[in-house]
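Here's the structure, in structure tokens; my notes come after.
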Amino acid sequence: MKALIDWFDHRTGFKELMHEALYERVPGGARWRYVWGSTLVFTFTLQVITGFMLWSAYSPSTRTAWESVYHIQHELTLGYMVRGVHHFAAQAMVVLMAIHLVQVVIDGAYKAPRELNFWLGLVLLQIVLGLSLTGYLLPWDQKGYYATQVTTNIMSATPLVGDQVQTLAQGGTEYGHLTLTRFFAMHAGILPTLLVAFLALHIYVFRRHGLTVHDENHAPETTFWPDQVLKDAVACLIVLAVVMLLAIFKGAELSAPADPSVKFDAARPEWYFLFLFRFLHFEVINKMGVTFGAIIVPGIIMGVITMMPLIHKFLGEFGHTLNKAFIWILGAGIVVLTTMAIIEDREDDTHQAALAEAHRDGARAGELAAGPDRIPVDGAVELLRRDPFTQGPRLFAKHCAACHRYNGHDGRGTMVVDEAGIAAPTAADLGNFGSRDWMRSVVVDYANHFSWQKNATWFKDAQQAEASGEDVTYLNPDESEMADWADADSLNSADNAENLTALVEFLYAEAALGYKPLDDDERDAFSNPLAADAALVDTGRAVATEGAWTGDLEGSSCVDCHTTLGEDFVALSDDDADGYPTLAKYGSAVWLKDFIRSPGAARHYGEKNQMPAYSPQQLRDHELDLLVRWMTHDYLPSEVHDYENRLTELSGSLGTSAGAGSTAANAVEQ
Amino acid sequence: MSDAEAPESSTSADPPAVDPPGRRELLAAVLSFLLGAVPATIGGLFFLDPILRRSKAGGSGGGDQTMDGFVKLDITPENLVEEGSPVASTVIADLDDAWNRFKDVPIGSLWLRRQQGGEVVAFNSICPHLGCSINFRRGENDFHCPCHASSFDLDGGTTNDTPPRDMDSLEIIVATDGRPDPNGTELWVKYQNFRRGTPEKKPI
């Protein structure tokens, strides 16, 4: 063995090399305070290993980047670990580098003859920040897409060459495939190569001048191996443990696939850039222009840090004190600004709502990607565009929430406000539309169920006109035939309790809520958790169409007025309508679509209607389809945390004066 | 790399032209330089393609056709209430991205509003500050960007010092069957993005 080693040493001289590497003098003994450089080298090695592995499964293009990262994260063996470690080690690297820098400044390790090495270190700092920036975009999710947009827009504010720099970085004037390929080339090729080169120089120059000893008399002199290596190894192990624990218990986030047409209100940079983000929030800074706040100020700060060796050279120890003061003030400023950003965001309801929606979209995208159809070739972004669960709330908020609410909010979890505060709805809350609760409430509590509309101007005007003796035709929930019918004692008597339940079940079955897969096999395999109880439905049908009640109500059936109830939905012409709202397949997709397109038709509300008709110009066919499928729960069932029910909050904020709908609220709360 | 210092060493030596070793030095220096320069130039130009391509594309000016570059919106003028709340609309068009052409995909979004007197105005929903998306705040009745808190009035004018300029208005034409007509029922917009962070509105 020894012969073999000698043979190898003769040809390579590795023994001397090893000796030089391992037996560096450590005056004052091995110390924990010297571990930071080594942890950085270790973290970088970790990034190289996990990075190469990610590379082997990553595909940079706008239709494959998110998709391949999803595949890595959720399907490949230990993918979540490899990506998680890469994700958190990148953040650890920024933290470790900050510590390293602060320590170098405090210990005066930047002073001559080590100034060149200090500058090499600053170059490394820039490269690492460049790696984080380029890496943040690669998953091509909403979060990375919008945050990086801000950064590249800041680049464009660079004096003189900004425009060109931005175009070069993006690979064009807008984000696209080439932005990803170029960012990836930078992230996995150019920047790491530069980093290795500068790191080699950094370590070479470091070894040339030796350790900056903090206190020579701390302990007897030792050598790098094994004393310092032991401490370094323990420190690296701690870094590894922290990063792995984060990967397991927190996990690297993957938000929804990037979509330039979908606003992302939760855009924030990575946490270690939050201070800069918060800095750009100051109006006084913005007054000076983006270039000033985002380029000149950070440039000056980097400039001062770069000048530190010279400041010491010309001002001596006073210069060193200045440098230390600067780095402490800078650190304090960063901490304060970061804390401000975090606290302000936490207290900002709009931001929290945006964040909640971002999480909802992200989780839903994952759910669909894992669904029976997997990811289509046109990308996961299309999955979300075609998903009622994702698009329904947005369409509702855009088209319906001016009058209606959905569980008290606008469909997207946000309360609807006007100048005076939380706005009162002027039409029904559709959060439980078509459900058993809804049907029961319509039957037994009609007046209260539709009482939100009493907040509407048209209602108040009509009442006023009526009071002044005019003959007005309008929908008054309190004085409708339905409310009168529902007032019958017999309806709510114990004898009819079962009949009522059956009627509700029948009406509920007519709405046919639940997922209806288009694929035959999927449909056969799918069992609808929202399906009605068939036996009860039959009883209910008899109650509804034949008036199979007991007591006074016997013989009084729904079809006495709503003649089409129980039949297939047909869009009857105004002449054929019975003068009462059509209840054929009431609450189902086909009924809803027809209603939304023409609520004023005689088959619906006729001349009493107040709802605007939504033409295909306002609400395109496929949008109507998405909206209606969302309202009837016709989408791949979701485990994703949905928007909170805010009905109680709405009723509460409107106070007693607007008591309308409070029972409806209770009904929904169950 | 040695090619950077090679020419220097040849000039510093700079022997009489007849001296064969000097000629060899020069030749070696030139060759070394070329060996470095040629691949570097090829690689560099390849890398600069986005800029080179853009200046090429910029050269060909658009024609005079009125509707050239305009995209028809789904929304119609009668959907907009005079002096009402702004309405968001998505712009659907073909999108060319490197080697792909995506047919009829959302390429951006804008805010539409009918002003007093009936004129319809359109604003790009991208914030002129740093490119986040501008929202309409019903409570405040203004436009607001959730990133750095830029805010604008309903006519797109800045109401604080964060944004460097007003919201980017877009050219909009009311038309019938694709021909300009003030009483038409179609809205056509020239969807453009503009450079962010600068006081002047410059298309990109």
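The values are calculated or read from the model by the stated rules, or taken from the named source; none is laboratory data. Computed from a predicted model, the values in this text were never measured in an experiment. Methodologically, a virtual Cβ is constructed for each residue, glycine included, from the backbone with ideal geometry; neighbour enumeration extends over all protein chains shown.
Could you list, in sequence order, all residues of segment A:508-556 that are touching a Ser or Thr at 6+ places or on another chain (Cβ under 9 Å), polar (S, T, N, Q) and under 23 Å from A:Leu592 (Cβ atoms)?
Scanning segment A:508-556 gives a single hit, A:Thr545.
Looking only at segment A:253-285, which residues are facing chain B (nearest Cβ under 8 Å), without any contact (Cβ under 8 Å) to a residue 60 or more places away in the chain and either crowded, with 19+ Cβ neighbours inside 10 Å or of a type in the set (Lys, Arg) (or both)?
Answer for segment A:253-285, where residues must be facing chain B (nearest Cβ under 8 Å), without any contact (Cβ under 8 Å) to a residue 60 or more places away in the chain and either crowded, with 19+ Cβ neighbours inside 10 Å or of a type in the set (Lys, Arg) (or both): A:Lys263, A:Leu280.
Could you list, in sequence order, the residues of segment A:583-634 that are of a type in the set (Lys, Arg) and part of a helix (DSSP H, G or I)? Can you show your working first?
To start, the set of residues in segment A:583-634 that are of a type in the set (Lys, Arg) comprises A:585, A:593, A:597, A:603, A:608, A:620, A:629.
Within segment A:583-634, A:Lys593, A:Arg597, A:Lys608, A:Arg629 meet the criteria.
For segment B:83-117, what are the residues that are in a strand (DSSP E or B) and among the polar types (S, T, N, Q)?
Those that are in a strand (DSSP E or B) and among the polar types (S, T, N, Q): B:Ser89, B:Thr90, B:Asn100, B:Ser109.
Considering only residues of segment A:431-470 that are hydroxyl-bearing (Ser, Thr, Tyr) and surrounded by fewer than 18 Cβ atoms within 10 Å (Cβ to Cβ), which is farthest from the chain's Cα centre (by Cα)?
First, the residues of segment A:431-470 that are hydroxyl-bearing (Ser, Thr, Tyr): A:435, A:441, A:446, A:451, A:457, A:468.
This time we only want the ones that are surrounded by fewer than 18 Cβ atoms within 10 Å (Cβ to Cβ), so: A:457, A:468.
Numbers: A:Thr457: 37, A:Ser468: 53 Å.
Only one residue fits best here, namely A:Ser468.
When you scan segment A:49-159 for helices (runs of 4 or more DSSP H) that lie fully inside it, which ones turn up with 3 or more residues that are closer than 30 Å to A:Thr212 by Cβ and touching a residue at least 12 places away in the same chain (Cβ under 8 Å)?
Because the criterion is at least 3 residues that are closer than 30 Å to A:Thr212 by Cβ and touching a residue at least 12 places away in the same chain (Cβ under 8 Å), the helices (runs of 4 or more DSSP H) in segment A:49-159 that meet it are A:79-106, A:115-137.
Among the residues of segment A:160-211, which ones are within 14 Å of chain B (Cβ to nearest Cβ) and not in a helix (DSSP H, G or I)?
Residues of segment A:160-211 that are within 14 Å of chain B (Cβ to nearest Cβ), as a first pass: A:160-186, A:189-190, A:193, A:197.
Matches in segment A:160-211: A:Leu160, A:Val161, A:Gly171, A:Gly172, A:Thr173, A:Glu174, A:Tyr175, A:Gly176.
Just to be sure I understand, how many residues within segment A:358-379 are within 14 Å of another protein chain (Cβ to nearest Cβ) and touching a Pro at 6+ places or on another chain (Cβ under 8 Å)?
Total meeting the criteria: 1.
Look at A:Asp594 and say whether it is surrounded by fewer than 15 Cβ atoms within 10 Å (Cβ to Cβ) and not aromatic (Phe, Trp, Tyr).
Judged against the criteria, A:Asp594 is not a match.
Does A:Leu246 meet the test of being more than 13 Å from A:Gly144 (Cα to Cα), without any contact (Cβ under 8 Å) to a residue 40 or more places away in the chain and in the same structural domain as A:Gln91 (by TED's automatic domain parsing)?
Considered against the rule, which asks whether it is more than 13 Å from A:Gly144 (Cα to Cα), without any contact (Cβ under 8 Å) to a residue 40 or more places away in the chain and in the same structural domain as A:Gln91 (by TED's automatic domain parsing), A:Leu246 comes out as no.
Checking the condition assigned to a loop (DSSP other than H, G, I, E, B) and in contact with a strand residue (DSSP E or B) (Cβ under 6 Å, 6 or more places away or on another chain), which residue from A:Gly469, A:Gly431 passes? I'd like the intermediate steps shown before the answer.
Values: A:Gly469 fails: in contact with a strand residue (DSSP E or B) (Cβ under 6 Å, 6 or more places away or on another chain).
That would be A:Gly431, the only listed residue that is assigned to a loop (DSSP other than H, G, I, E, B) and in contact with a strand residue (DSSP E or B) (Cβ under 6 Å, 6 or more places away or on another chain).
Residues that are part of a loop (DSSP other than H, G, I, E, B), assigned by TED's automatic domain parsing to the domain that holds A:Gly434 and touching a residue at least 12 places away in the same chain (Cβ under 8 Å): does segment A:494-511 have at least one?
Taking every residue of segment A:494-511 in turn, none turns out to be part of a loop (DSSP other than H, G, I, E, B), assigned by TED's automatic domain parsing to the domain that holds A:Gly434 and touching a residue at least 12 places away in the same chain (Cβ under 8 Å).
Could you check A:Thr338 against (1) within 14 Å of chain B (Cβ to nearest Cβ); (2) under 17 Å from A:Pro269 (Cβ atoms); (3) of a type in the set (Ser, Thr, Tyr) and say which number it fails?
Only one criterion is unmet by A:Thr338, namely (1).
Given the criteria under 30 Å from A:Leu54 (Cα atoms), more than 10 Å from every other protein chain (Cβ to nearest Cβ), buried (at least 22 other Cβ atoms within 10 Å of the Cβ) and in contact with an Asp or Glu (Cβ under 9 Å, 6 or more places away or on another chain), does A:Leu137 qualify?
No, not satisfied.
Would you say B:Pro50 is at pLDDT 90 or above and at the interface with another protein chain (Cβ under 7 Å from one of its Cβ atoms)?
yes
Looking only at residues that are facing another protein chain (nearest Cβ under 10 Å) and in a loop (DSSP other than H, G, I, E, B) in segment A:392-413, which one is nearest to A:Ala456 (Cα to Cα)?
Checking each candidate, the answer is A:Ala402.
If I filter segment A:547-556 for residues that are in contact (Cβ under 8 Å) with a residue 24 or more places away in the chain, small (Gly, Ala, Ser) and touching an Asp or Glu at 6+ places or on another chain (Cβ under 7 Å), do I get at least one hit?
Taking every residue of segment A:547-556 in turn, at least one turns out to be in contact (Cβ under 8 Å) with a residue 24 or more places away in the chain, small (Gly, Ala, Ser) and touching an Asp or Glu at 6+ places or on another chain (Cβ under 7 Å).
Take segment B:105-117 and flag every residue that is under 17 Å from the mean Cα position of the chain (by Cα) and either facing chain A (nearest Cβ under 8 Å) or free of Cβ contacts under 8 Å to residues at least 60 places away in the same chain (or both).
Matches in segment B:105-117: B:Pro106, B:Ile107, B:Gly108, B:Ser109.
Out of everything in segment B:86-104 that is under 18 Å from the mean Cα position of the chain (by Cα) and aliphatic (A, V, I, L, M), what residue ends up being farthest from the other protein chains (Cβ to nearest Cβ)?
So, considering only residues that are under 18 Å from the mean Cα position of the chain (by Cα) and aliphatic (A, V, I, L, M), the one farthest from the other protein chains (Cβ to nearest Cβ) is B:Ala93.
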